[in-house]
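The values are calculated or read from the model by the stated rules, or taken from the named source; none is laboratory data. This one's a predicted model, so the numbers in the text were calculated from it and none came from an experiment. Here the Cβ is made from the backbone with ideal geometry for all residues, glycine too, and neighbour counts use every protein chain on show.
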Amino acid sequence: MRALPLIFALTLTCGVPVAFAQTQDEDHSAHHPASSTQPQATPPSEHDHGAAAASPLQDNMRNIEALMQQIRETSDPARKKELLGQHLQALVGIGQRVPSAAWPSGTT
């Protein structure tokens, strides 16, 4: 008796798509729009993909990355503390430049 519900479920699962299948070609063409005579949009060929000058935020991020590299390489505690202070100031600078809507909720 446990096989009966399984057979019923499989019959419904496999049978329902067949019931809604299209039977005529004109049914298929009914949901496609008429082909337009306008050409497809293409991107301009002179697009530079970001080869222009870096933004101030990008410059600040490069500075932060360079500071982190210097922090990793130095072994002098006083120099490391100074570099960490500069790193913190650079991070605060990014926080002031980026609109609050860009930050995840609860972090500002």
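Worth a mention:
- Residues within region 70-93 that are more than 32 Å from the chain's Cα centre (by Cα) and among the aliphatic types (A, V, I, L, M), tallied: 2
- Contact annotation: residue pairs with Cβ atoms under 9 Å, 6 or more positions apart or on different chains, pairing a residue in region 1-26 that is at negative phi with a partner that is at pLDDT 60 or above and not basic (Lys, Arg), are Gln22/His28.
- Being at pLDDT below 80 and surrounded by 10 or more Cβ atoms within 10 Å (Cβ to Cβ) is a description that does not apply to Ile71.
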